[in-house]
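The values are calculated or read from the model by the stated rules, or taken from the named source; none is laboratory data. For clarity, every value in this text was computed on a predicted model and none was experimentally measured. Positions of Cβ are generated from backbone atoms using ideal geometry, with glycine treated the same way; all protein chains shown enter the neighbour counts. Calculation scope for accessible area: heavy atoms of the full protein, side chains included, ligands and nucleic acids excluded. Shrake-Rupley method; radii C 1.70, N 1.55, O 1.52, S 1.80 Å.
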Amino acid sequence: MENASLSSVANPALGTAMSLYEIFRQTVGTFRAHKMRIFLTMFGIVWGIASVILLVGLGRGFSADQKRRMQTLGKDLVIVWGGRTSSQIGGLAAGREIALTIDDARLIRSDCYLIKNVSPELRRTIPQVSQFNSANRGVVGIWPSYQDFRSLLLSEGRLITEDDENESNRVVILGSAARRQLFPGQPAVGASLLIKSVPYTVIGVLEEKKQNSNYDGPDNDYLFAPYSSVARDFPPPEKKGIVRGYLEDIVFEVADSDSHEQAVAQVRKTLGRVHHFDAKDKDALFIWDTMDGAKLLANIFNVVTIFFGCVAIVTLALGGIGVMNIMLVSVTERTREIGVRKAIGATRGDILRQFFAESALLTTASGLLGLTFGTGACLALANLPLPDFVPHPIISPVSIVVSVITLSLITLTAGMYPAQRAADMTPVESLRYE
(Lines give C-alpha, C1' and ligand atoms only; values in the text may rest on other atoms or scores of the structure.)
Protein backbone atom coordinates (compact mmCIF):
# COMPACT_ATOMS: atom_id res chain seq x y z
CA MET A 1 0.00 0.00 0.00
CA GLU A 2 1.73 3.13 -1.17
CA ASN A 3 -0.71 5.50 0.53
CA ALA A 4 -4.42 6.04 1.02
CA SER A 5 -4.09 9.31 -0.84
CA LEU A 6 -3.31 7.59 -4.15
CA SER A 7 -7.06 7.35 -4.58
CA SER A 8 -6.88 10.95 -5.69
CA VAL A 9 -5.35 9.82 -8.98
CA ALA A 10 -8.62 8.19 -9.94
CA ASN A 11 -10.39 11.50 -9.79
CA PRO A 12 -9.13 14.13 -12.26
CA ALA A 13 -10.73 16.88 -10.18
CA LEU A 14 -8.29 16.09 -7.42
CA GLY A 15 -5.37 16.53 -9.81
CA THR A 16 -6.04 20.23 -10.07
CA ALA A 17 -7.62 22.55 -7.55
CA MET A 18 -8.75 20.58 -4.51
CA SER A 19 -11.57 21.70 -2.25
CA LEU A 20 -11.05 22.10 1.47
CA TYR A 21 -13.29 19.11 2.07
CA GLU A 22 -11.19 16.90 -0.17
CA ILE A 23 -7.99 18.10 1.47
CA PHE A 24 -9.46 17.32 4.88
CA ARG A 25 -10.76 13.91 3.80
CA GLN A 26 -7.44 12.93 2.29
CA THR A 27 -5.54 14.15 5.38
CA VAL A 28 -7.74 12.06 7.67
CA GLY A 29 -7.13 9.06 5.42
CA THR A 30 -3.37 9.56 5.70
CA PHE A 31 -3.62 9.78 9.51
CA ARG A 32 -5.62 6.54 9.65
CA ALA A 33 -2.95 4.77 7.63
CA HIS A 34 -0.28 5.69 10.24
CA LYS A 35 -2.15 5.69 13.57
CA MET A 36 0.76 4.93 15.90
CA ARG A 37 3.07 7.45 14.25
CA ILE A 38 0.44 10.18 14.39
CA PHE A 39 -0.43 9.34 18.02
CA LEU A 40 3.18 9.63 19.17
CA THR A 41 3.64 12.89 17.26
CA MET A 42 0.45 14.37 18.69
CA PHE A 43 1.43 13.29 22.19
CA GLY A 44 4.54 15.51 22.04
CA ILE A 45 2.45 18.57 21.16
CA VAL A 46 -0.29 17.76 23.69
CA TRP A 47 2.22 17.32 26.49
CA GLY A 48 4.12 20.45 25.44
CA ILE A 49 1.01 22.67 25.58
CA ALA A 50 -0.23 21.08 28.81
CA SER A 51 3.17 21.41 30.47
CA VAL A 52 3.30 25.14 29.67
CA ILE A 53 -0.06 25.69 31.38
CA LEU A 54 0.64 23.33 34.29
CA LEU A 55 4.20 24.44 35.09
CA VAL A 56 3.41 28.16 34.85
CA GLY A 57 0.24 27.52 36.89
CA LEU A 58 2.25 25.74 39.58
CA GLY A 59 4.76 28.59 39.65
CA ARG A 60 1.99 31.13 40.13
CA GLY A 61 0.42 28.86 42.72
CA PHE A 62 3.68 28.73 44.69
CA SER A 63 3.87 32.53 44.61
CA ALA A 64 0.24 33.03 45.69
CA ASP A 65 0.56 30.41 48.43
CA GLN A 66 3.70 32.06 49.81
CA LYS A 67 2.04 35.48 49.76
CA ARG A 68 -0.98 34.09 51.57
CA ARG A 69 1.23 32.50 54.22
CA MET A 70 3.14 35.74 54.68
CA GLN A 71 -0.17 37.52 55.28
CA THR A 72 -0.82 35.23 58.26
CA LEU A 73 2.09 37.01 59.96
CA GLY A 74 0.53 40.39 59.29
CA LYS A 75 -0.50 42.98 56.72
CA ASP A 76 2.37 45.23 55.56
CA LEU A 77 4.00 44.53 58.90
CA VAL A 78 7.14 46.04 60.46
CA ILE A 79 8.53 44.92 63.85
CA VAL A 80 10.86 47.16 65.88
CA TRP A 81 13.14 46.09 68.76
CA GLY A 82 15.43 48.27 70.81
CA GLY A 83 19.12 48.00 69.93
CA ARG A 84 22.42 49.59 70.90
CA THR A 85 23.86 52.76 69.38
CA SER A 86 26.97 52.44 67.26
CA SER A 87 27.86 56.14 66.95
CA GLN A 88 28.20 59.20 69.18
CA ILE A 89 25.71 62.03 69.04
CA GLY A 90 25.24 65.17 71.15
CA GLY A 91 28.01 64.23 73.58
CA LEU A 92 26.44 60.80 74.24
CA ALA A 93 28.77 57.83 73.88
CA ALA A 94 28.26 54.98 71.46
CA GLY A 95 27.09 51.64 72.84
CA ARG A 96 24.04 52.96 74.71
CA GLU A 97 21.14 50.53 74.98
CA ILE A 98 17.85 51.75 73.50
CA ALA A 99 14.85 50.44 75.44
CA LEU A 100 11.43 50.84 73.85
CA THR A 101 8.52 51.98 76.02
CA ILE A 102 4.78 52.46 75.74
CA ASP A 103 5.42 56.17 75.19
CA ASP A 104 7.30 55.28 71.98
CA ALA A 105 4.26 53.42 70.67
CA ARG A 106 2.04 56.40 71.51
CA LEU A 107 4.49 58.76 69.82
CA ILE A 108 4.51 56.70 66.63
CA ARG A 109 0.70 56.65 66.65
CA SER A 110 0.46 60.42 67.00
CA ASP A 111 3.44 61.71 64.96
CA CYS A 112 4.12 59.20 62.16
CA TYR A 113 1.54 59.90 59.45
CA LEU A 114 2.94 57.17 57.20
CA ILE A 115 1.90 54.57 59.77
CA LYS A 116 -1.64 53.23 59.56
CA ASN A 117 -1.78 51.20 62.79
CA VAL A 118 0.60 50.54 65.65
CA SER A 119 0.59 48.42 68.79
CA PRO A 120 2.96 47.64 71.66
CA GLU A 121 3.83 44.07 72.53
CA LEU A 122 4.43 43.28 76.19
CA ARG A 123 5.28 39.59 76.37
CA ARG A 124 5.23 37.67 79.64
CA THR A 125 5.77 33.90 80.03
CA ILE A 126 3.76 33.09 83.15
CA PRO A 127 1.68 30.14 84.43
CA GLN A 128 -1.99 29.70 83.57
CA VAL A 129 -4.46 27.40 85.28
CA SER A 130 -7.96 26.43 84.16
CA GLN A 131 -10.28 24.00 85.90
CA PHE A 132 -9.17 21.36 83.39
CA ASN A 133 -5.42 21.83 82.95
CA SER A 134 -2.43 24.11 83.46
CA ALA A 135 0.17 25.65 81.15
CA ASN A 136 3.09 28.04 81.13
CA ARG A 137 2.57 29.90 77.88
CA GLY A 138 3.32 33.40 76.69
CA VAL A 139 0.81 36.18 77.36
CA VAL A 140 0.96 39.16 74.99
CA GLY A 141 -0.35 42.58 75.96
CA ILE A 142 -1.63 44.40 72.85
CA TRP A 143 -3.77 47.28 71.64
CA PRO A 144 -7.02 46.33 69.84
CA SER A 145 -5.70 47.49 66.42
CA TYR A 146 -3.07 44.72 66.64
CA GLN A 147 -5.74 42.08 66.00
CA ASP A 148 -6.49 43.41 62.54
CA PHE A 149 -3.05 43.98 61.05
CA ARG A 150 -1.62 40.83 62.66
CA SER A 151 -4.45 38.80 61.09
CA LEU A 152 -5.87 37.37 64.32
CA LEU A 153 -9.10 35.71 63.19
CA LEU A 154 -11.66 34.27 65.58
CA SER A 155 -13.12 30.80 65.52
CA GLU A 156 -15.46 31.69 68.40
CA GLY A 157 -16.14 34.52 70.81
CA ARG A 158 -15.17 38.16 70.33
CA LEU A 159 -12.05 40.30 69.97
CA ILE A 160 -10.50 42.76 72.44
CA THR A 161 -12.15 46.18 72.17
CA GLU A 162 -11.06 49.75 72.90
CA ASP A 163 -13.22 49.64 76.05
CA ASP A 164 -11.28 46.59 77.24
CA GLU A 165 -8.03 48.52 76.77
CA ASN A 166 -9.26 51.79 78.28
CA GLU A 167 -10.83 50.05 81.31
CA SER A 168 -8.00 47.49 81.71
CA ASN A 169 -10.50 44.64 81.64
CA ARG A 170 -9.17 41.23 82.60
CA VAL A 171 -10.12 39.45 79.40
CA VAL A 172 -8.04 37.10 77.25
CA ILE A 173 -8.11 35.49 73.80
CA LEU A 174 -6.58 32.04 73.38
CA GLY A 175 -4.52 30.78 70.47
CA SER A 176 -5.72 27.43 69.11
CA ALA A 177 -2.88 25.43 70.73
CA ALA A 178 -3.36 27.22 74.07
CA ARG A 179 -7.08 26.50 73.94
CA ARG A 180 -6.46 22.75 73.33
CA GLN A 181 -4.10 22.55 76.31
CA LEU A 182 -6.08 24.62 78.81
CA PHE A 183 -9.59 23.51 77.79
CA PRO A 184 -9.18 20.05 76.19
CA GLY A 185 -12.52 19.16 74.63
CA GLN A 186 -14.30 21.69 76.85
CA PRO A 187 -16.00 25.04 76.14
CA ALA A 188 -13.56 27.92 76.60
CA VAL A 189 -15.46 31.14 75.83
CA GLY A 190 -16.87 32.60 79.02
CA ALA A 191 -14.72 30.38 81.24
CA SER A 192 -12.48 31.75 83.99
CA LEU A 193 -8.70 31.36 83.69
CA LEU A 194 -6.12 32.10 86.39
CA ILE A 195 -3.07 33.81 84.91
CA LYS A 196 -0.40 33.92 87.62
CA SER A 197 -3.24 33.62 90.16
CA VAL A 198 -5.10 36.61 88.64
CA PRO A 199 -8.59 35.72 87.29
CA TYR A 200 -9.19 36.49 83.61
CA THR A 201 -12.23 35.71 81.47
CA VAL A 202 -11.79 33.96 78.12
CA ILE A 203 -13.66 36.03 75.51
CA GLY A 204 -12.46 34.39 72.31
CA VAL A 205 -10.51 31.61 70.62
CA LEU A 206 -8.43 32.19 67.47
CA GLU A 207 -8.61 30.19 64.27
CA GLU A 208 -5.63 27.91 63.82
CA LYS A 209 -2.93 29.62 61.77
CA LYS A 210 -0.62 27.93 59.29
CA GLN A 211 2.37 30.22 59.69
CA ASN A 212 5.62 29.75 57.82
CA SER A 213 7.25 32.73 59.55
CA ASN A 214 7.10 34.33 62.97
CA TYR A 215 9.31 36.39 65.25
CA ASP A 216 8.57 34.99 68.74
CA GLY A 217 6.75 31.75 68.01
CA PRO A 218 3.45 30.91 66.28
CA ASP A 219 0.35 32.82 67.33
CA ASN A 220 -1.40 29.49 68.04
CA ASP A 221 0.72 29.13 71.20
CA TYR A 222 -0.06 32.50 72.80
CA LEU A 223 -2.72 34.18 74.90
CA PHE A 224 -3.62 37.80 74.02
CA ALA A 225 -4.90 40.38 76.50
CA PRO A 226 -5.28 44.19 76.63
CA TYR A 227 -1.91 45.90 77.05
CA SER A 228 -3.13 47.97 80.00
CA SER A 229 -4.22 44.83 81.87
CA VAL A 230 -0.96 42.96 81.29
CA ALA A 231 1.15 46.01 82.20
CA ARG A 232 -0.80 46.45 85.46
CA ASP A 233 -1.04 42.80 86.54
CA PHE A 234 2.24 41.40 85.21
CA PRO A 235 4.87 44.16 84.99
CA PRO A 236 8.35 43.18 83.78
CA PRO A 237 10.86 42.32 86.51
CA GLU A 238 13.02 45.17 87.76
CA LYS A 239 16.51 44.73 86.38
CA LYS A 240 19.12 46.63 84.39
CA GLY A 241 17.76 47.83 81.05
CA ILE A 242 14.13 47.59 82.16
CA VAL A 243 12.54 51.03 82.44
CA ARG A 244 9.03 52.22 83.23
CA GLY A 245 6.62 51.23 80.46
CA TYR A 246 9.16 48.76 78.99
CA LEU A 247 8.13 46.85 75.85
CA GLU A 248 9.67 43.84 74.12
CA ASP A 249 8.86 45.37 70.74
CA ILE A 250 6.53 47.61 68.76
CA VAL A 251 4.70 46.43 65.64
CA PHE A 252 3.09 48.66 63.05
CA GLU A 253 1.32 48.56 59.71
CA VAL A 254 2.40 51.05 57.06
CA ALA A 255 -0.28 53.09 55.32
CA ASP A 256 1.05 52.38 51.81
CA SER A 257 3.19 49.35 51.04
CA ASP A 258 4.87 51.22 48.18
CA SER A 259 6.26 53.77 50.64
CA HIS A 260 7.23 51.33 53.40
CA GLU A 261 10.88 52.42 53.31
CA GLN A 262 9.90 56.03 53.92
CA ALA A 263 7.59 54.88 56.75
CA VAL A 264 10.42 52.96 58.44
CA ALA A 265 12.72 56.00 58.05
CA GLN A 266 10.05 58.19 59.63
CA VAL A 267 9.84 55.89 62.65
CA ARG A 268 13.65 55.86 62.99
CA LYS A 269 13.74 59.66 62.88
CA THR A 270 10.91 60.01 65.42
CA LEU A 271 12.40 57.55 67.92
CA GLY A 272 15.90 58.95 67.32
CA ARG A 273 14.63 62.36 68.40
CA VAL A 274 13.40 61.15 71.82
CA HIS A 275 16.10 58.55 72.46
CA HIS A 276 18.93 60.78 71.19
CA PHE A 277 20.43 58.64 68.45
CA ASP A 278 21.20 59.31 64.80
CA ALA A 279 18.36 58.18 62.54
CA LYS A 280 21.00 56.71 60.20
CA ASP A 281 22.37 54.52 63.02
CA LYS A 282 21.07 51.11 61.90
CA ASP A 283 22.16 49.42 65.15
CA ALA A 284 20.14 51.69 67.42
CA LEU A 285 16.96 49.82 66.41
CA PHE A 286 16.53 46.30 65.08
CA ILE A 287 13.82 46.45 62.41
CA TRP A 288 12.26 43.57 60.50
CA ASP A 289 10.45 44.93 57.46
CA THR A 290 8.41 41.94 56.30
CA MET A 291 7.68 43.65 52.96
CA ASP A 292 11.34 43.42 51.99
CA GLY A 293 11.23 39.67 52.53
CA ALA A 294 7.92 39.39 50.69
CA LYS A 295 9.33 41.24 47.66
CA LEU A 296 12.43 39.04 47.66
CA LEU A 297 10.33 35.88 47.77
CA ALA A 298 8.05 37.23 45.04
CA ASN A 299 11.07 37.86 42.80
CA ILE A 300 12.38 34.34 43.48
CA PHE A 301 9.06 32.75 42.61
CA ASN A 302 8.73 34.91 39.50
CA VAL A 303 12.11 33.64 38.31
CA VAL A 304 11.05 30.05 39.09
CA THR A 305 7.81 30.57 37.14
CA ILE A 306 9.71 31.98 34.14
CA PHE A 307 12.11 29.02 34.32
CA PHE A 308 9.19 26.57 34.40
CA GLY A 309 7.66 28.36 31.41
CA CYS A 310 10.91 28.22 29.43
CA VAL A 311 11.31 24.49 30.12
CA ALA A 312 7.73 23.92 28.98
CA ILE A 313 8.22 26.02 25.82
CA VAL A 314 11.34 23.97 24.97
CA THR A 315 9.26 20.81 25.45
CA LEU A 316 6.65 22.22 23.08
CA ALA A 317 9.33 23.15 20.56
CA LEU A 318 10.66 19.59 20.65
CA GLY A 319 7.14 18.42 19.88
CA GLY A 320 7.18 20.76 16.87
CA ILE A 321 10.44 19.21 15.68
CA GLY A 322 8.70 15.86 15.90
CA VAL A 323 5.91 17.16 13.66
CA MET A 324 8.43 18.44 11.10
CA ASN A 325 10.29 15.15 11.18
CA ILE A 326 7.17 13.07 10.65
CA MET A 327 6.08 15.31 7.76
CA LEU A 328 9.49 14.98 6.08
CA VAL A 329 9.20 11.20 6.40
CA SER A 330 5.71 11.42 4.91
CA VAL A 331 7.03 13.44 1.94
CA THR A 332 9.72 10.82 1.31
CA GLU A 333 7.25 7.93 1.52
CA ARG A 334 4.82 9.64 -0.86
CA THR A 335 7.31 10.69 -3.52
CA ARG A 336 5.70 8.53 -6.23
CA GLU A 337 2.24 9.80 -5.31
CA ILE A 338 3.47 13.38 -5.72
CA GLY A 339 4.89 12.49 -9.15
CA VAL A 340 1.62 10.90 -10.28
CA ARG A 341 -0.44 13.87 -9.13
CA LYS A 342 1.85 16.35 -10.88
CA ALA A 343 1.83 14.22 -14.03
CA ILE A 344 -1.99 14.46 -14.27
CA GLY A 345 -2.03 18.24 -13.72
CA ALA A 346 -1.67 19.03 -10.00
CA THR A 347 0.02 22.38 -9.52
CA ARG A 348 2.75 23.30 -7.06
CA GLY A 349 0.10 25.11 -4.97
CA ASP A 350 -2.04 21.95 -4.79
CA ILE A 351 0.84 19.91 -3.37
CA LEU A 352 1.85 22.73 -1.03
CA ARG A 353 -1.69 23.09 0.35
CA GLN A 354 -2.11 19.35 0.84
CA PHE A 355 1.01 18.80 2.92
CA PHE A 356 0.64 22.06 4.82
CA ALA A 357 -2.97 21.13 5.63
CA GLU A 358 -1.83 17.81 7.07
CA SER A 359 0.72 19.54 9.30
CA ALA A 360 -1.74 22.26 10.35
CA LEU A 361 -4.48 19.77 11.19
CA LEU A 362 -2.04 17.67 13.19
CA THR A 363 -0.73 20.57 15.27
CA THR A 364 -4.13 22.25 15.67
CA ALA A 365 -5.82 19.08 16.93
CA SER A 366 -2.88 18.41 19.26
CA GLY A 367 -2.94 22.01 20.51
CA LEU A 368 -6.64 21.91 21.32
CA LEU A 369 -6.20 18.63 23.20
CA GLY A 370 -3.22 20.10 25.06
CA LEU A 371 -5.11 23.26 26.04
CA THR A 372 -8.06 21.19 27.21
CA PHE A 373 -5.90 18.81 29.23
CA GLY A 374 -3.74 21.58 30.73
CA THR A 375 -6.60 23.85 31.81
CA GLY A 376 -8.66 20.86 32.96
CA ALA A 377 -5.80 19.55 35.09
CA CYS A 378 -5.28 23.01 36.65
CA LEU A 379 -8.97 23.36 37.46
CA ALA A 380 -9.12 19.85 38.91
CA LEU A 381 -6.04 20.38 41.11
CA ALA A 382 -7.33 23.78 42.23
CA ASN A 383 -10.44 22.10 43.64
CA LEU A 384 -8.76 19.09 45.25
CA PRO A 385 -7.41 18.95 48.82
CA LEU A 386 -3.63 18.88 48.46
CA PRO A 387 -0.78 18.57 50.99
CA ASP A 388 0.50 21.88 52.40
CA PHE A 389 3.71 21.67 50.37
CA VAL A 390 1.82 21.31 47.05
CA PRO A 391 0.33 24.58 45.76
CA HIS A 392 -2.97 24.86 43.93
CA PRO A 393 -2.10 25.84 40.35
CA ILE A 394 -3.47 29.10 38.97
CA ILE A 395 -4.27 29.27 35.25
CA SER A 396 -2.24 32.02 33.61
CA PRO A 397 -3.81 33.72 30.56
CA VAL A 398 -0.29 34.69 29.51
CA SER A 399 0.80 31.05 29.38
CA ILE A 400 -2.19 30.20 27.18
CA VAL A 401 -1.43 33.09 24.80
CA VAL A 402 2.26 32.13 24.65
CA SER A 403 1.29 28.51 23.99
CA VAL A 404 -1.02 29.50 21.13
CA ILE A 405 1.62 31.80 19.58
CA THR A 406 4.29 29.10 19.89
CA LEU A 407 1.93 26.54 18.40
CA SER A 408 1.21 28.87 15.47
CA LEU A 409 4.94 29.26 14.81
CA ILE A 410 5.37 25.50 15.01
CA THR A 411 2.52 25.03 12.54
CA LEU A 412 4.11 27.44 10.06
CA THR A 413 7.64 26.13 10.49
CA ALA A 414 6.95 22.43 10.83
CA GLY A 415 4.38 22.44 8.02
CA MET A 416 5.80 24.83 5.45
CA TYR A 417 9.27 23.33 5.04
CA PRO A 418 8.12 19.75 4.30
CA ALA A 419 5.30 21.11 2.11
CA GLN A 420 7.76 23.16 0.05
CA ARG A 421 10.02 20.15 -0.38
CA ALA A 422 7.06 18.16 -1.67
CA ALA A 423 5.89 20.99 -3.96
CA ASP A 424 9.38 21.48 -5.47
CA MET A 425 9.70 17.87 -6.65
CA THR A 426 9.60 17.35 -10.43
CA PRO A 427 7.28 14.69 -11.86
CA VAL A 428 10.14 12.84 -13.60
CA GLU A 429 12.26 12.56 -10.41
CA SER A 430 9.22 11.55 -8.36
CA LEU A 431 8.12 8.79 -10.74
CA ARG A 432 11.64 7.33 -10.83
CA TYR A 433 11.74 7.10 -7.00
CA GLU A 434 11.65 3.54 -5.65
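When you restrict to C-alpha pairs under 8 Å that are six or more residues apart and normalise by the size of the chain, the relative contact order lands at 29 percent. Taking label points 7 Å from Cα along the Cα-to-Cβ direction, Arg244 and His276 give a separation of 1.8 nm.
Relative to the longest principal axis of the Cα atoms of the chain, the long axis of helix 290-333 makes an angle of roughly 10 degrees. Per-residue ellipticity at 222 nm from helix content only, as computed over the chain with -39500 (n - 2.57) for each DSSP H run of at least four residues, stands at -17500 deg cm²/dmol. Applying a DSSP loop filter and a limit of 16 other Cβ atoms within 10 Å to the chymotrypsin sites (Phe, Trp or Tyr not before Pro) in the stretch 250-330 leaves nothing.
Residues within the reach of a label modelled at Ala298 (point 7 angstrom out along Cα to beta-carbon, backbone nitrogen below 20 Å), restricted to the stretch 256-278, are 256-265.
Separation of the alpha carbons by more than 29 angstrom is noted, of Lys209/Lys282; Lys75/Lys269; Lys210/Lys295; Lys75/Lys196; Lys269/Lys295, for Lys209/Lys282; Lys75/Lys196. Surface composition of the chain: carbon plus sulfur atoms hold 60% of the accessible area, using a 1.4 angstrom probe and ignoring ligands, DNA and RNA. Enter the angle in degrees (range 0 to 90, nearest 10) between the Cα long axis of helix 348-382 and the first principal axis of the Cα atoms of the chain, meaning the one along which they spread out most. Approximately 20 degrees, to the nearest 10.
Our coupling estimate for the stretch 180-187, obtained by passing each phi through the Karplus curve with A = 6.51, B = -1.76, C = 1.60 and θ = phi - 60°, is 5, 6, 7, 10, x, x, 10, x Hz, Gly and Pro reported as x.
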